[in-house]
Amino acid sequence: SDLACSVTEEQRDPALKEMTYDIGYGEQTTLVYVEPDMDSMYNGNAPAKHKVVPKFNGLSVKFINMSNKHVRLSWEPRPGGTPNPMNKIAPFEASGTASFPTHSFIMTDPDTDKLLQRFAIQEYPENIYAYDPYIVEGDEKATEKNLNKHLSKKEKEFYRKWRDSLAFNEIYRNFTGRSYLANYLRDPPRHFLWSGEYFGQTHWVETSETHFVMTPPKSALGQLKTSKKRSLKEGETVALEEYRAPGQATMNMTLKVLSVAPRVFEIPNFLSQTEVDHILDLAGGVQLSRSSVGDVGHGYSKAENKKTDTRTSFNAWVQRGKSPIVDAIYRRAADLMRIDEALLRNRDSSERPDWPTKGSLAEHLQLVHYDPGQEYTAHHDFGFSDLSDLQGARFATLLLYLNDEGLVGGETTFPRWVNAETFDKLKVKPEEGKAVLFYSQLPDGNLDDFSQHSAEKPRAGEKWLINLWTWDPKYH
Ligand SMILES: O=C(O)CCC(=O)C(=O)O
Ligand SMILES: [Fe+2]
């Protein structure tokens, strides 16, 4: 695109370092993410040498089923206590959730309820828990014999892939301090990522999707076909120009680094008052339903919809084509993330054939409403992929705050942000029109465990917010 921004030359992400490794196929080299040290996070002025251990000790846990049978995963409030069934994991697939050290999980045979293995969750970075009924520890020969006895050729290949993934995880963790939560070896994100080198660092980017400052008449706000390129009226550079900030061909958006690890940015005035009002207007016309959470690993449309106590808010989905204003918000968001807007809608094969899918890489806007006392406890927006090569996963989350008046509390918090000052969480205060951008993926393609976040309870007032999730890449 010809929109200007503060990145003048494309360079390798400053947090990527070369790592040489050998998982049994000879020496190989790849780029991995290494967290910047304290001094660089504070641009040379770190208040202390070492990072503070966060008070919050939760982590993302990944369970791998390395057997050729389905297993049932259950959570035990205490080891040996009554198990709470979670989900079935298919042969050679993985599943996961946010958890805490000392929590206990079990895998059982779904037909007989026979206990297969119990997992006691350890402290970060002990994120990965595998059920492998074939391995004979320290005896390659006996293991091989087992594999040949129980697995087909194809199944042995799947098994091998997980063994490779576990072997890579060991090396990756020694080098970077983090677990490899993706499957070996995930490509780096295909999208651009803003760098986040130090607190307060700013980037800027231009957009031609300027603010709406007047609400167009209802007749101009009909449904759009977002699978098509937009057709504009004669002389227009953007839709409904006459209702936008006058005399402005473009506007600049500023991203300020709130956290380096995870990479969190805030963008003031992303939405105008008119746009906020329009969305809240739409909310009046859409049916809000109790929010659900699910493992998004296999695509959100197939997510298991479970109503739980971890998420007590209400939500609704708003499609990009709902109105030209919603469409403009997607286009502006695309400019903000430096992603082609065409990737955030369905395309025909002539548009961006360089991408592996024709489906939109963005989800519908998720409109969320919290009353006092409602919350979304600490979670990750990513899910775990099966052994497919593409490993589609949520890449970025854009949060748009729609109100602040009368709202007390209700912050978005990042309890595991790396810093040298406090063990308390990073709190982002909702401000009308403000956006927060964070990445669920690291620039090396791994999932970012530190992207864990929560929505605090409003203590007074209500909270309205939008989630816009972008995938890398969604493949359904
Ligand atoms: O409400 C917020 O501040 C965050 C919401 C969130 O994390 C989510 O819906 O996934
Ligand atoms: Fe979230």
- Message: Condition first: within 13 Å of ligand 1 (Cβ to nearest atom) and either farther than 27 Å from TRP194 by Cα or hydrophobic (A, V, I, L, M, F, W, C) (or both). Now tell me which residues in segment 378-387 satisfy that.
- Response: ALA378, PHE382
- Might you check whether a residue that is more than 11 Å from ligand 1 (Cβ to nearest atom), touching a residue at least 24 places away in the same chain (Cβ under 8 Å), within 17 Å of TRP194 (Cβ to Cβ) and not small (Gly, Ala, Ser) occurs anywhere in segment 462-474? yes
- Message: Anything in segment 398-415 that is within 10 Å of ligand 1 (Cβ to nearest atom), part of a loop (DSSP other than H, G, I, E, B) and farther than 27 Å from ASN57 by Cα? List them, or say none.
- Response: none
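Results for (1) assigned to a loop (DSSP other than H, G, I, E, B); (2) closer than 16 Å to ASN174 by Cα; (3) of a type in the set (Val, Ile, Thr), shown as yes or no for each residue.
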{"residue": "ASP2", "(1), (2), (3)": "yes, no, no"}
{"residue": "VAL7", "(1), (2), (3)": "yes, no, yes"}
{"residue": "GLN11", "(1), (2), (3)": "yes, no, no"}
{"residue": "GLU18", "(1), (2), (3)": "no, yes, no"}
{"residue": "ILE23", "(1), (2), (3)": "yes, yes, yes"}
{"residue": "VAL32", "(1), (2), (3)": "no, yes, yes"}
{"residue": "ALA48", "(1), (2), (3)": "yes, no, no"}
{"residue": "VAL53", "(1), (2), (3)": "yes, no, yes"}
{"residue": "LYS62", "(1), (2), (3)": "no, no, no"}
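Let's see how each residue does on (1) part of a loop (DSSP other than H, G, I, E, B); (2) in contact with a helix residue (DSSP H, G or I) (Cβ under 7 Å, 6 or more places away or on another chain); (3) away from ligand 1 (no atom under 12 Å from the Cβ); (4) without any contact (Cβ under 8 Å) to a residue 60 or more places away in the chain:
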| site | (1), (2), (3), (4) |
| --- | --- |
| SER350 | yes, no, yes, yes |
| PRO356 | yes, no, yes, no |
| SER360 | yes, yes, yes, no |
| VAL368 | no, no, no, no |
| PRO372 | yes, no, yes, no |
| ASP389 | yes, no, yes, yes |
| ALA396 | no, yes, yes, no |
| THR422 | yes, no, yes, no |
- Message: Can you pull out every residue in segment 421-476 that is touching a strand residue (DSSP E or B) at 6+ places or on another chain (Cβ under 7 Å), aromatic (Phe, Trp, Tyr) and within 14 Å of ligand 2 (Cβ to nearest atom)?
- Response: PHE438, TYR439, TRP469
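Within 30 Å of PHE92 (Cα to Cα) and either buried (at least 16 other Cβ atoms within 10 Å of the Cβ) or among the acidic types (Asp, Glu) (or both), is that true of GLN366? Spell out the reasoning first.
Working: within 30 Å of PHE92 (Cα to Cα): no; either buried (at least 16 other Cβ atoms within 10 Å of the Cβ) or among the acidic types (Asp, Glu) (or both): yes.
So GLN366 does not fit the description; no.
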- Message: Pairs needed: first member in segment 6-32, within 17 Å of THR202 (Cα to Cα); second member anywhere, assigned to a loop (DSSP other than H, G, I, E, B) and among the hydrophobic types (A, V, I, L, M, F, W, C); C-beta distance under 6 Å; at least 6 residues apart or different chains.
- Response: none
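Taking the residues in segment 374-385 that are of a type outside the set (A, V, I, L, M, F, W, C) and in contact with a helix residue (DSSP H, G or I) (Cβ under 8 Å, 6 or more places away or on another chain) as candidates, determine which candidate is nearest to ligand 2 (Cβ to nearest atom). It would help to see each step written out before you state the result.
Start the filter on segment 374-385 by keeping residues that are of a type outside the set (A, V, I, L, M, F, W, C), which leaves 374-377, 379-381, 383, 385.
If we keep only those that are in contact with a helix residue (DSSP H, G or I) (Cβ under 8 Å, 6 or more places away or on another chain) as well, we get 380-381, 383, 385.
Numbers: HIS380: 7, ASP381: 4, GLY383: 12, SER385: 18 Å.
The residue in question is ASP381.
Look at segment 153-162 and say how many of its residues are touching a residue at least 40 places away in the same chain (Cβ under 8 Å) and not aromatic (Phe, Trp, Tyr). Give the derivation first.
Step one: of segment 153-162, the residues touching a residue at least 40 places away in the same chain (Cβ under 8 Å) are 155, 158-159, 161-162.
Keeping just the survivors that are not aromatic (Phe, Trp, Tyr) gives 155, 161.
Qualifying residue count for the region: 2.
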- Message: I'm trying to understand the selection: among the residues of segment 25-53, which are in contact with a strand residue (DSSP E or B) (Cβ under 8 Å, 6 or more places away or on another chain) and of a type outside the set (Val, Ile, Thr)?
- Response: GLU27, GLN28, LEU31, TYR33
- Return the residue satisfying two criteria in turn: it lies in segment 385-418 and is under 18 Å from the mean Cα position of the chain (by Cα) and polar (S, T, N, Q), and of such residues it is surrounded by the fewest Cβ atoms within 10 Å (Cβ to Cβ). THR413
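Any read-out appearing in this document is the output of simple, stated calculations on the displayed coordinates, not a laboratory observation. Owing to the predicted nature of the structure, the values given are computational and were not obtained by experimental measurement. So basically every Cβ, Gly included, is an ideal-geometry build from the backbone, and we count neighbours across all protein chains shown.
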